[in-house]
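The values are calculated or read from the model by the stated rules, or taken from the named source; none is laboratory data. As the structure is a computational prediction, the values presented were derived from the model and not from experiment. Cβ coordinates were reconstructed from backbone atoms using ideal geometry, including for glycine residues, and neighbour counts include every protein chain displayed. To get the accessible areas, we keep the full protein, side chains included, count just its heavy atoms, and leave off ligands, DNA and RNA. Shrake-Rupley method; radii C 1.70, N 1.55, O 1.52, S 1.80 Å.
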Amino acid sequence: MIIYGVALLAVCTLAGVIVGDFLGVLLGVKSNVGGVGIAMILLICARLYMHRHGGMSKECEFGVGFWGAMYIPVVVAMAAQQNVVTALHGGPVALLAAIGAVLVCGATIALISRSHRGEPLPAVEAPPQANGHAAPAGGR
């Protein structure tokens, strides 16, 4: 049922806002620090936990998947807009931090992809045909 997805999303959002506000107070900033990211991580972790421990029916899984798919892009877009406006008002230090973060992420992705180069891809098995025999791996 979709209502389960809404309840889980609401709990994760509230927990993310509370933790983000608490982090803001600890850091001496008058805003929410990381609440959106914390809420997304909590939503992912809660869904995985429920799925592994049998607490998620098929309807609940559809609900969580639906609201997770709706929630993440919208909230990330809203947070990105706020961060850009804040960064532009923050001066060159915020801009240098953003550029540095992008460069570090790019270097990390390049390092990860180079470390897995040359490893063969796993073999893909063909699905069975209507007559019960598997199709050849090369096509028809």
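Is it the case, given these coordinates, that GLY65 is open to solvent by less than 100 Å² (accessible area, probe 1.4 Å) and either modelled with pLDDT under 75 or assigned by the TED database to the domain that holds ALA7 (or both)?
Values: open to solvent by less than 100 Å² (accessible area, probe 1.4 Å): yes; either modelled with pLDDT under 75 or assigned by the TED database to the domain that holds ALA7 (or both): yes.
Criteria met by GLY65.
With the structure loaded, tell me whether GLY91 is at pLDDT 80 or above and either loosely packed, with under 13 Cβ neighbours inside 10 Å or on the phi > 0 side of the Ramachandran plot (or both) or whether it fails that test. First the steps, then the outcome.
Values: at pLDDT 80 or above: no; either loosely packed, with under 13 Cβ neighbours inside 10 Å or on the phi > 0 side of the Ramachandran plot (or both): yes.
Spelling it out, it is not the case that GLY91 is at pLDDT 80 or above and either loosely packed, with under 13 Cβ neighbours inside 10 Å or on the phi > 0 side of the Ramachandran plot (or both).
Restricting to the stretch 29-57, and then to whatever is hydrophobic (A, V, I, L, M, F, W, C) and outside any helix (DSSP H, G or I), can you tell me which residue is nearest to the chain's Cα centre (by Cα)?
Per the criteria, the residue is VAL33.
Which one of these does ALA135 not meet: (1) at pLDDT 70 or above; (2) open to solvent by less than 50 Å² (accessible area, probe 1.4 Å); (3) among the hydrophobic types (A, V, I, L, M, F, W, C)?
(1)
Hey, among PHE22, PHE66, which residue is part of a helix (DSSP H, G or I), out of contact with any Asp or Glu (no Cβ under 7 Å at 6 or more places or on another chain) and touching a residue at least 40 places away in the same chain (Cβ under 8 Å)? Break it down stepwise before answering.
Values: PHE22 fails: touching a residue at least 40 places away in the same chain (Cβ under 8 Å).
Matching residue, one of PHE22, PHE66: PHE66.
Give the stretch 11-40 a look and list any residue that's over 24 Å from TRP67 (Cβ atoms) and either open to solvent by less than 40 Å² (accessible area, probe 1.4 Å) or not assigned by the TED database to the domain that holds VAL64 (or both), or say none.
Within the stretch 11-40, GLY24 is the sole residue that qualifies.
Which of (1) open to solvent by 80 Å² or more (accessible area, probe 1.4 Å); (2) at pLDDT 70 or above; (3) not small (Gly, Ala, Ser); (4) not assigned by the TED database to the domain that holds VAL6 does THR108 not meet, given it meets every other one?
(1)
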